[in-house]
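Q: I have a structure here, written as structure tokens, and I will follow up with some questions on it.
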Amino acid sequence: MFATRIAEAEKIVEIVVEENSKTTSATVESLAKIEVGDNWSPDMGEGIKRNLVSSGLFKDVEVFTSPAKDGVKVHILAKDKHSWVIAPAIYNQPTNKGGGIGFGENNLFGQNQKLLIYGQVATGDSFFIGAWVIPAIGGTRFSAQFDTFLKTARNIEYAAPTKWIQSGPDEVRHSRIHYLNGGMKLGMGLFKGIRIEGRLRGAKVSYVRSKTQYRGPVGEEEAQLGAPVGDRPLNPGKEGWDVSNEWTLSVDRRANWYGVQSGYKYTAVYEYALPKLGSDFHYWLANVNIMRAWQVLKRHNYIIKMGVNYGHHLPFQQEFKTGGTSMRGYLNDQFRGDFKASMNMEYSVPMITVKGLSIRGLLFVDSAYTTFLKTDNPERNYLPNAQVRGLDGFRNSVGAGTRFYLRQIVLPLLGLDFGYGLEANDFQIYLAIGLTD
């Protein structure tokens, strides 16, 4: 192997891809973002290597050049990772304990396509998910996704907070929802990481009435908002078909150097119900999310995520939720609303790296403000005092955790977080083993 000193602006006349046992050469070239006929400059090698490593498909990448008639020949040595895994998963989180098994393929047909099949049985959420993602249809800038999500979930709704500093919440209403969902997405890459996507999906929503319970005080207001009516309490919301269209505009300029991220991603989403296509619900929602990552001291990583979400007449199954892994230190889905503003910060460091096994430690801060701005939706049965105001809806947590990775697979095989909720003065543990990402 040797690198040849060449003049700037020489033409690439040939691209040679080697050591790729599974990924097709055309896919390697597409991920490297180079083509025959491009101008070559000496600093392009590092960019090609960064692009290929960031794809997550290769455990080692080398790029060098050799002279060729009328230009330069680019050699890419790309050693594939083991691209698929069949693994169990075990969860032990507040209000949700269980396990499942899944199959994940990160490089289907050697074309960077993704396939996930996973099933889980748990005390909280039991579900089946299947997804097929095609990042580049026929090597073009167009993408597609087909997915299904079949869930039966026990929902615990808690009494709305009445003050900023407040200990453990009271469970007010229990219910079980069946959510049978399927969808498809088509997208197009525009330029420099900018992508637009449209998604059409439909779901059948129903409740198991025999499991619905109301545990709060019974008065005139409560009887209207969820207390027992006759022999049976009200469900959290309406049943029926939830059909919607979603549009997403994103700018993704991230890089991932063997688990250490850098760069940024901005995303704006607008989703609205489609009564003309059979939706029994009438709502719309919008959100903006920002993710920014910095590589620090080569192997340290600082990541910040921020988001603002707002919805109009959201049904129960579409409401924004806070708690659990999105707010470590609080119970799963402890807070609900049609408005949510959140921020998560993490700083991770390498602890042990041995023969491809990497153990990273992290510190985190989670913050969110969640509430209902409006409770005039006739398709939703709100609990009393749902419109939280002032600091009562502001929650923060701090904590530490660890992640186990295999470089050959690049899936976190174990996640363990210890979160402390500042306003609740409470401590929670979140453990996930197996397919945890």
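Q: Sum -39500 (n - 2.57) across every DSSP H segment of at least 4 residues in the chain, then divide by the residue count to get the 222 nm mean residue ellipticity, nearest 500.
A: Numbers: 3 runs with 25 residues, N = 437.
Calculated at 222 nm, the ellipticity per residue is -1500 deg cm²/dmol.
Q: Order the peptides 241-254, 333-346, 138-151 from the highest to the lowest mean number of other Cβ atoms within 10 Å of their residues.
A: 333-346, 241-254, 138-151
Q: Hey, another quick one. May I ask for the angle, rounded to the nearest 10°, between helix 44-54 and the longest principal axis of the chain, with both axes built from Cα atoms and the value confined to 0 to 90°?
A: 40
Q: Still on this structure, please answer the following. Among the aspartates and glutamates, select those whose C-alpha is under 15 Å from the C-alpha of Lys192, and discard any that sit fewer than 8 residues away in the same chain.
A: Of all the aspartates and glutamates, those that pass the test against Lys192 - Cα under 15 Å, at least 8 places apart if same chain - are Asp252.
Q: Which entries in Lys22/Lys49; Lys238/Lys374; Lys151/Lys305; Lys73/Lys114; Lys97/Lys204; Lys79/Lys305 show an alpha-carbon gap greater than 29 Å?
A: Table pairs above 29 Å Cα-Cα are Lys73/Lys114; Lys79/Lys305.
Q: Amide H of Tyr283 versus every other amide H placed in the peptide plane: which residues, excluding those fewer than 5 positions away on the same chain, fall under 5 Å?
A: Ala273
Q: OK, next. Which aspartates and glutamates have a Cα less than 14 Å from the Cα of Lys321, not counting those fewer than 8 places away in the same chain?
A: Once the sequence-local aspartates and glutamates are set aside, what remains near Lys321 is Glu157, Asp333, Asp338, Asp366.
Q: Let me ask another. What's the Kirkwood radius of region 233-293 in Å, using all Cα pairs? Don't skip to the end; give the middle numbers.
A: Working: mean 1/r = 0.0699 Å⁻¹.
After inverting the pairwise mean of 1/r, the radius is 14.3 Å.
Q: Could you tell me which label, among [x] 24.5, 88; [y] 28.8, 96; [z] 20.8, 66, carries the value of Rg and Dmax of the Cα atoms in Å calculated for this structure?
A: Derived directly from the coordinates: [x].
Q: What is the extension gain from Leu363 to Leu116, computed as 0.36 nm multiplied by their sequence separation minus the C-alpha to C-alpha distance, in nm to one decimal?
A: Values: separation 247, 0.36 × 247 = 88.92 nm, distance 2.94 nm.
Length gained between Leu363 and Leu116: 86.0 nm.
Q: On to the next question. With a 10 Å cut-off between alpha carbons and a GNM built on the chain, which of Ser54, Ser175, Ser66 moves the most?
A: Between Ser54, Ser175, Ser66, it is Ser66 that shows the largest mean-square fluctuation.
Q: Given Ser30, Asn245, Tyr158, which one lies farthest toward the positive end of the charge dipole of the chain, if we put +1 on the Cβ of every Lys and Arg and -1 on the Cβ of every Asp and Glu?
A: So the residue furthest toward the plus end is Ser30.
Q: Calculate, in nm to one decimal, what Ser21 and Leu249 gain on full extension: separation in residues at 0.36 nm each, minus their alpha carbon distance.
A: 78.6 nm
Q: Using the Cα centre as the reference, give the magnitude of the dipole from point charges on the C-beta atoms of the chain (Lys, Arg: +1; Asp, Glu: -1; all else neutral), rounded to the nearest 20 debye. Numbers along the way, then the final one.
A: On the way: 50 positive and 43 negative charges, 99 e Å.
So the magnitude is around 480 debye.
Q: Which stretch or stretches of region 155-169 have amide N atoms under 20 Å from the point lying 7 Å from Met343's Cα along the Cα→Cβ direction?
A: 164-165
Q: Also, quick follow-up: Pull out the extension gain between Ala268 and Gln166, defined as 0.36 nm times the separation in residues minus the alpha carbon to alpha carbon distance; nm, one decimal.
A: Details: separation 102, 0.36 × 102 = 36.72 nm, distance 3.36 nm.
That works out to 33.4 nm of additional length.
Q: Highest mean first, how do 358-368, 255-265 rank when packing is the count of other Cβ atoms within 10 Å averaged over residues? Could the numbers behind the result be given before it?
A: Working: 358-368: 18.5, 255-265: 17.0.
Sorting 358-368, 255-265 by mean packing, highest first, produces 358-368, 255-265.
Read-outs throughout are calculated quantities, based only on the coordinates presented, and are distinct from any laboratory measurement. Computed from a prediction, not measured in an experiment: that's the story for all the values here. Quick reminder, even Gly has a Cβ in these numbers, built from the backbone with ideal geometry, and neighbours come from all protein chains shown.
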